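Every number in this text was worked out from the coordinates using simple rules, so none of it is lab data. Not measured: the values here are computed from a predicted model. Note that each Cβ is placed from the backbone with ideal geometry, even for glycine, and that neighbours are counted across all protein chains shown.
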Amino acid sequence: MLNTTLETTIIAETKISPAFAPFLAESGPNDIRDAIVIFRAPERDEPPARGRMRALRSKIKEVETRAKAQQAIQREVLASYQKAGSKVLPHKQEPKVSTIGSSALPVASVEVTPKTLPLLAEQPNVVAILPNQKIGLIQPKAVDYKELVRQEEKDGLTWGLKQLGVHDLWRITKGKEINIAVLDTGVHAAHPALEGRVADFIVIDPLGRRIKTDLAFDGGAHGTHVCGTIAGGRTANGVSIGVAPEANLFVAAVLIGDATLRTLMEGISWAVEKGVDIINMSLGFSYYEPLFDEVFKILLDQFGILPVVAIGNENHGNSSSPGNTANAFSVGAVEKIKGGKYDVAFFSSGASLVFPGDEASALVTKPDVVAPGVQVFSSIPPEKRPDGVFEYTYMNGTSMATPHVAGAAALLMAAKPEAPVGEIIRALRETARHPGGHHLRPDNRWGYGLIQPTKALRALG
Amino acid sequence: MNFGNVHPKISREFSVRLGRLNPRDKVRAIVMLRAEGNGVARARRLSRAERQSAAEMISQSAEAALPEIDQILEKFEGHRLAEHPNALGAVPVETTADGVIALARADCVKTILEDQTILPIVAAESNS
């Protein structure tokens, strides 16, 4: 059995917020810090009113009654603290204390020193002590694009390409002879960064008909941006935008008009007939269709085609179909943060689906991996704006992360022409970096982690 | 996989939607047919030509199921929306809810997916 003093000390320590650690470690014994103390609220005599709180008057009365009861406890706690504190502070000075509002909440503001903090925690009616701190509005992050542009021009490549270390891989291959299908809004093939890259283009209309056009066009800008990240070349300012700049693009415009699953199936079939190695799909269904996994299974087992699919922009706890099926190689987005670090973007989806009794896939955890998907600089069809014509822009989304992975897979396939698709998937997953360590993989934020193409290549032997 | 669906070849979500249709309402669906393939591609890299030949093999093999599919569709006021199965062994059809269930009971059918809407995963332009 613990002796009483030790027991009291242990209980007291649990009341002190861990956020005090730097203060306790770095301050002198008499250095003062503002703190908020939370004390025990008196028990309620009656259960709280159910439903909408009766009348406002009775609600106010209840708050006033509680405040009075709390004031008694508060007075006792603060007086005991001041008395105990005066015994350890210089000149028998009492620590400053003050109430907050009418004491409707069981909290007060106090001054603490490393010596008085444990004395406050020892008070039986103290529940917790937190350091006072600055609070601020959660505001949209202001991005310093000038700095980002300057850095990318200095590096000669986008931050995403730099993060993935593609320069090292480019000494070996740039994805030559690897064919990547992009099922999207189309592509503006005349874009200077995509010169010579679009090997074939087709429009699939909502009735599933294949329409051949002389000029490859984009029904929006999404497809051209995705294509630029996979296989784009350099901008006029010397910034490389594409992960695999020598890979061939086979683009099916399936997201034009009222596209349906039939449109997509026809696009996939077209890509298969073209003999592509990878299919990039930055798209989603209107509702969950787990049986679409059969299509991905056919792609992998019968054709050795890697389906790279965006997991969605619906935040943690959600996922998009068909990226959330077992055989989709699904991709979440990371963003660059201060200090050269990166983190999963708030919008990046991730969730697990449970199939009890299914031994092979009882738990499907998504995404599989993550890649750069915020402030991704890539090509768009020429866009007239008041200050000129723009051919590049920054975009955010798992749609932007997905082509980074498709491009990286193309580099691996080009460097290791014998490696089967199953090995490519394994290498990308196993070498991915999860900041929490391998034991946390896979989870619903990082999946297996941020892909590390150079390590994946080494893993392929 | 067991998705807790009424029929294992139709997803729970599609089953629920079928259950809401009137008897003569039509629905469009993609029927995935059983087709022969080598099934080794995950473990061995295929060349482009090998893939194209595998696509042809699957499409031709699935073709054998069409007479049975057509018979079922005829019974349920349905019809095919494509002349031949595609490279995945899939063929689009239009029929009633009962027609979809009857198709799912056929041995030559692997799965049936509703021809639902697809959308781009919307990206936000973040140019300053």
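One Cα centroid belongs to the stretch A:87-134, the other to the stretch A:429-450; the line between them spans 42 Å. Averaged over peptide B:46-53, the number of partner chain Cβ atoms lying within 10 Å of each residue's Cβ comes to 5. Ordering A:Met281, A:Met265 by the number of other Cβ atoms within 10 Å of each residue's own Cβ, fewest first, gives A:Met265, A:Met281. Taking the stretch B:75-90 and a reference point 7 angstrom along Cα→Cβ of B:Glu36, the backbone N atoms nearer than 18 Å belong to B:85-90. Looking at the protein assembly as shown, the DSSP beta bridges with both ends there are about 65 percent antiparallel.
Starting with the highest mean, order B:58-68, A:63-73 by the number of other Cβ atoms within 10 Å, averaged over the residues of each peptide.
Details: B:58-68: 17.9, A:63-73: 15.0.
Result, highest mean first: B:58-68, A:63-73.
Classify chain A: rounded, prolate or oblate, from the alpha-carbon gyration tensor (a ≥ b ≥ c, eigenvalue square roots; a/c under 1.5 rounded; otherwise prolate if a/b is larger than b/c)? Verdict is prolate for chain A. Farthest toward the positive end of the dipole of the stretch A:218-359, out of A:Asn318, A:Ile278, A:Gly219, is the Cα of A:Gly219, where the dipole comes from beta carbon charges about the Cα centre. Close amide H contacts of B:Ala90 (hydrogens built in the peptide plane, cut-off under 5 Å, sequence separation of 5 or more or a different chain): B:Leu33.
Entry note, chain B: the mean residue ellipticity at 222 nm calculated from DSSP H runs of n ≥ 4, each adding -39500 (n - 2.57), is -10000 deg cm²/dmol after division by the residues and rounding to the nearest 500.
By the Kirkwood approach, averaging reciprocal distances over each pair of separate Cα atoms, the stretch A:66-192 gets a hydrodynamic radius of 21.4 Å. With Cα atoms defining each centre, the stretch A:297-353 and the stretch B:1-71 are spaced 25 Å apart in the structure.
Dividing the radius of gyration of the alpha carbons in the stretch B:12-114 by their Kirkwood radius gives 1.05 for Rg/Rh. Scanning chain A for DSSP H helices at least 20 Å long along the axis (C-alpha atoms) with a Kyte-Doolittle mean no lower than 1.0 picks out A:398-415. Pairs over the 26 Å Cα-Cα cut-off, from the set A:Lys341/A:Lys384; A:Lys154/A:Lys366; B:Lys75/B:Lys110: A:Lys341/A:Lys384; A:Lys154/A:Lys366.
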